[in-house]
Amino acid sequence: MSGILDRRLLFVMGKGGTGKSSVAAALGLAAARHGRKVLLCEVAGQQRVTRTLVGHAPSDPYEETKLAPGLWATSVDPDSALEEYLRSQLPSRALFELLKRSRIFQYLVAAAPGSRELLTIGKIWETAQLDRPWTGAQLRYDLVIVDAPATGHGLALLAAPRTFRDVAGVGRIQRQAGRIDSFVRDPETTGVVGVALPEEMPVTETIELGSALERDIGLELGLVVMNALDPDRFSDQDAATLAGARGAGGAPVREAIEAALAQHARAAAHREQLARLEAAGRPVVTLPHVFAPELAREDIEAMSERLEAVL
Amino acid sequence: MNLLENTRVCVCAGSGGVGKTTTAAALALGAAASGRKVVVITIDPARRLAESLGVPELGNEELLVDPARLEAAGIAMKGELWALMLDPKRTFDDVVRSYAPDEETREAVLGNRIYRELSTAVAGSQEYMAMERLYELHERGEFDLLVLDTPPSRNALDFLDAPDRLLRFIDSRSLQAFLAPGRAGLRLLGAGAGVAMSVLERITGIDLLRDLAEFFSSFSSMVDGFRERARAVNELLRADATAFVLVTTPRTGSLEEAAELREQLSDRDIDFRGVIVNRVHSLEGPEAGAGELEGLLGTDLARRVAANHRDYLALSARDSASLERLGAEVGGRPIVTVPSLEDEVHDLPGLARVGSYLFGDDQTGPA
């Protein structure tokens, strides 16, 4: 197994709509098949992957739901995370209830810029710790894979702990933020996987993500997955033949020929984007385009088998 | 085009990766071609698209798209197309500068330790900037139509709440409590204030609370300005002449997100004008006869062409079903489809081509 799955925490990042959720799930399935206990973390979303893999939405998204042998999923929500954190920090339940009712406190948490990001990444950190400091939960994970929000927001998540560490003066928050920051920035424990589509903007964003990660967080893009790559179905010679036959025959034949030419052009454009991505110097793995409007369980399993084969 | 009739502001809402930026640009181009003076406010456009619009030459200022460029692309222009790219690095500093009642306040806020560290993380800062810009351009009254490409966000309507969120941030009884004299400059409301306060201090650290108090204290003088602006922006978003257009694709996930968007808009008393569905496969079929194909292409190629055709026919059938489901949910509002194009749209002729589908006529087709 490649190094990328030997980390304790993996962030799957990329432009919106590139298929991060599916890639995160596929990576999770691959790691689980190799005997690791894996938690898939979604950030306050729609539990789409859970629904695809088990056929229905979880009854409680914030619980750790089992998706497959060795693979669990949860949704991270800042409010639930805050509650867990407070409960673990305050010596008595009475104090916890008091603070919860305090309007000032609610206001501070809601208003302080970046507090939601800090709580989110704090919870993620907690799930990756072997002693589960906020929940004392029974489940200990070898690997936590985060289906991160779209690029800019994902980076903000990674940067939040250091910001708070530097700003919060002296105190518990500062120490906790520092602990989270150290873990998140350690290339031994934390890895980042980029996901791109074979289109200009996602590739550009992935390349820029790589630079921003190194500059701001001190991490490298360990792997980039180019998703939905159109297969090479027609050679340039085929295309020449097809172009020559354009306009001939009945309507279905003309439509079939146009569709083939369009596919050839698109596959060529995809290959250009792949070359751009490879030129950026990080290891790239490709996943083929699935000809369906949505991915089913077997599609995600096929993706995970392909990832396993190349990693 | 139905979607833009009697419209002064068009907001393109939708989740990431559905082609919002291209759609916004194509709508603006089409409306400008038909004679209106239009500005498109883009967020993060693809480099080539930005170049073709002349956008990267701007800072944050709107620029006329060169009529010569449009003519060279074969687009007959009766009106004017202006474009601006919202600067993603633009910080909250400009907002503070515009609302601070005096230099002392401005410097106090900008220099505050908390503010300096956290201002780039102000929740919704990019979203808030988009709203500010939209309002400002609308007020200037120079444009017939403003088209806004909304920022990418997991929750596609974050930008709508940005003015209110900011307002809640600075205009609340909790803030007043912070500003009232009391222990270390802070005072809590409610019973058990003393105990809660010390717990709070233990958890957050006394320095943080004191700095926050100073920050809020400086900020409070700007509340009135923010309140008025938030009210005005909300009014603009709910005006009859403001059209929200949902942009989506036939992928099931996108349709679900579009349904959620609709609900969220309705929760905010905002109507949506219609839906634009991009990347639609619409092959009609039926499958081509094997014999006919072989006669033209030879056995091997014919087989592969037929297999490819079947794949795209299947996709088209599913897209068609998705569109039907969407139709059932939009209560008679227009659904405009744009076919899956083999090339990404990254230049003016490409935009014009998308426009020809959006406007359903030849106004914007290349000459």
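The values are calculated or read from the model by the stated rules, or taken from the named source; none is laboratory data. In this text, all values refer to a predicted model and were calculated from it rather than measured experimentally. All Cβ positions, even for glycine, are placed from backbone atoms using ideal geometry, and neighbour counts span all protein chains on display. Each accessible area value is taken on the protein alone, full model and side chains, heavy atoms only, with ligands, DNA and RNA left out. Shrake-Rupley method; radii C 1.70, N 1.55, O 1.52, S 1.80 Å.
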Within segment A:158-184, take every residue that is in contact with an Asp or Glu (Cβ under 7 Å, 6 or more places away or on another chain) and part of a helix (DSSP H, G or I) and give me the one that is surrounded by the fewest Cβ atoms within 10 Å (Cβ to Cβ).
A:166
Just to be sure before I move on: is residue B:342 out of contact with any Asp or Glu (no Cβ under 8 Å at 6 or more places or on another chain) and modelled with pLDDT under 90 in the structure I sent?
yes
Can residue A:282 be described as more than 9 Å from chain B (Cβ to nearest Cβ), open to solvent by 20 Å² or more (accessible area, probe 1.4 Å), touching a residue at least 24 places away in the same chain (Cβ under 8 Å) and outside any helix (DSSP H, G or I)?
yes
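Conditions tested, residue by residue: (1) surrounded by fewer than 19 Cβ atoms within 10 Å (Cβ to Cβ); (2) at pLDDT below 80; (3) within 14 Å of chain A (Cβ to nearest Cβ).
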residue	(1), (2), (3)
B:69	yes, no, no
B:115	no, yes, yes
B:128	no, yes, yes
B:132	no, yes, no
B:136	yes, no, no
B:140	yes, no, no
Can you list residue pairs whose Cβ atoms sit under 6 Å apart, with the first residue in segment A:84-95 being within 10 Å of chain B (Cβ to nearest Cβ) and the second being surrounded by 14 or more Cβ atoms within 10 Å (Cβ to Cβ)? Count only pairs 6 or more apart in sequence or on different chains.
A:85/A:134; A:86/A:96; A:90/A:96; A:95/B:199
Options A:287, A:295: the member that is surrounded by 18 or more Cβ atoms within 10 Å (Cβ to Cβ), touching a helix residue (DSSP H, G or I) at 6+ places or on another chain (Cβ under 7 Å) and more than 14 Å from chain B (Cβ to nearest Cβ)
A:287
Under 21 Å from the mean Cα position of the chain (by Cα) and among the charged types (D, E, K, R): is that true of residue A:214 in this structure?
yes
What are the residue pairs meeting all of these: first residue in segment A:252-264, first residue basic (Lys, Arg), second residue open to solvent by 40 Å² or more (accessible area, probe 1.4 Å), Cβ atoms under 7 Å, and 6 or more apart or on different chains?
A:254/A:247
What residue, of A:269, A:259, A:248, is assigned to a helix (DSSP H, G or I), closer than 24 Å to residue B:296 by Cβ and within 14 Å of chain B (Cβ to nearest Cβ)?
A:259
Please find, within segment A:222-243, the residue that is most open to solvent (accessible area, probe 1.4 Å) out of those that are touching a helix residue (DSSP H, G or I) at 6+ places or on another chain (Cβ under 9 Å) and part of a helix (DSSP H, G or I).
A:236
Matching residues in segment A:190-214 (in a helix (DSSP H, G or I), within 14 Å of another protein chain (Cβ to nearest Cβ) and under 23 Å from residue A:8 (Cα atoms)) number 3
Against the conditions (1) surrounded by fewer than 24 Cβ atoms within 10 Å (Cβ to Cβ); (2) part of a helix (DSSP H, G or I); (3) more than 10 Å from chain B (Cβ to nearest Cβ), where does residue A:187 fall short? Just the number, please.
(2)
In segment B:325-334, which residues are hydrophobic (A, V, I, L, M, F, W, C) and surrounded by fewer than 17 Cβ atoms within 10 Å (Cβ to Cβ)?
B:328, B:330
Does residue A:9 satisfy being open to solvent by 10 Å² or more (accessible area, probe 1.4 Å), touching a Phe, Trp or Tyr at 6+ places or on another chain (Cβ under 9 Å) and under 24 Å from residue A:79 (Cα atoms)?
no
Flag if residue A:140 is part of a loop (DSSP other than H, G, I, E, B), surrounded by fewer than 19 Cβ atoms within 10 Å (Cβ to Cβ) and free of Cβ contacts under 8 Å to residues at least 60 places away in the same chain:
no
Within segment B:1-31, can you find the residues that are away from chain A (no Cβ under 14 Å) and either among the charged types (D, E, K, R) or without any contact (Cβ under 8 Å) to a residue 60 or more places away in the chain (or both)?
B:5, B:8
State whether one or more residues within segment A:224-242 are among the β-branched types (Val, Ile, Thr), at pLDDT 95 or above and over 17 Å from the mean Cα position of the chain (by Cα).
yes
So residue A:44, is it of a type in the set (Gly, Ala, Ser), within 23 Å of residue A:126 (Cβ to Cβ) and at pLDDT 85 or above:
no
Condition first: open to solvent by 50 Å² or more (accessible area, probe 1.4 Å) and not in a helix (DSSP H, G or I). Now tell me which residues in segment B:338-353 satisfy that.
B:342, B:343, B:344, B:347
Name every residue in segment B:259-280 that is at positive phi and in contact with a Ser or Thr (Cβ under 9 Å, 6 or more places away or on another chain), in order of residue number.
B:279
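For every residue, the table says whether it meets (1) in contact with an Asp or Glu (Cβ under 9 Å, 6 or more places away or on another chain); (2) buried (at least 20 other Cβ atoms within 10 Å of the Cβ); (3) farther than 18 Å from residue B:19 by Cα; (4) free of Cβ contacts under 8 Å to residues at least 24 places away in the same chain.
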residue: B:259; (1), (2), (3), (4): yes, no, no, no
residue: B:263; (1), (2), (3), (4): no, no, yes, yes
residue: B:269; (1), (2), (3), (4): no, no, yes, no
residue: B:288; (1), (2), (3), (4): yes, yes, yes, yes
residue: B:302; (1), (2), (3), (4): yes, yes, yes, yes
residue: B:305; (1), (2), (3), (4): yes, yes, yes, yes
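Matching residues to (1) assigned to a loop (DSSP other than H, G, I, E, B); (2) under 23 Å from the mean Cα position of the chain (by Cα); (3) more than 8 Å from every other protein chain (Cβ to nearest Cβ):
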{"site": "B:291", "(1), (2), (3)": "no, no, yes"}
{"site": "B:294", "(1), (2), (3)": "no, no, yes"}
{"site": "B:312", "(1), (2), (3)": "no, no, no"}
{"site": "B:324", "(1), (2), (3)": "no, no, yes"}
{"site": "B:336", "(1), (2), (3)": "no, yes, yes"}
{"site": "B:355", "(1), (2), (3)": "no, yes, yes"}
Which condition from (1) of a type in the set (S, T, N, Q); (2) within 14 Å of another protein chain (Cβ to nearest Cβ); (3) open to solvent by 50 Å² or more (accessible area, probe 1.4 Å) is the one that residue B:254 breaks?
(3)
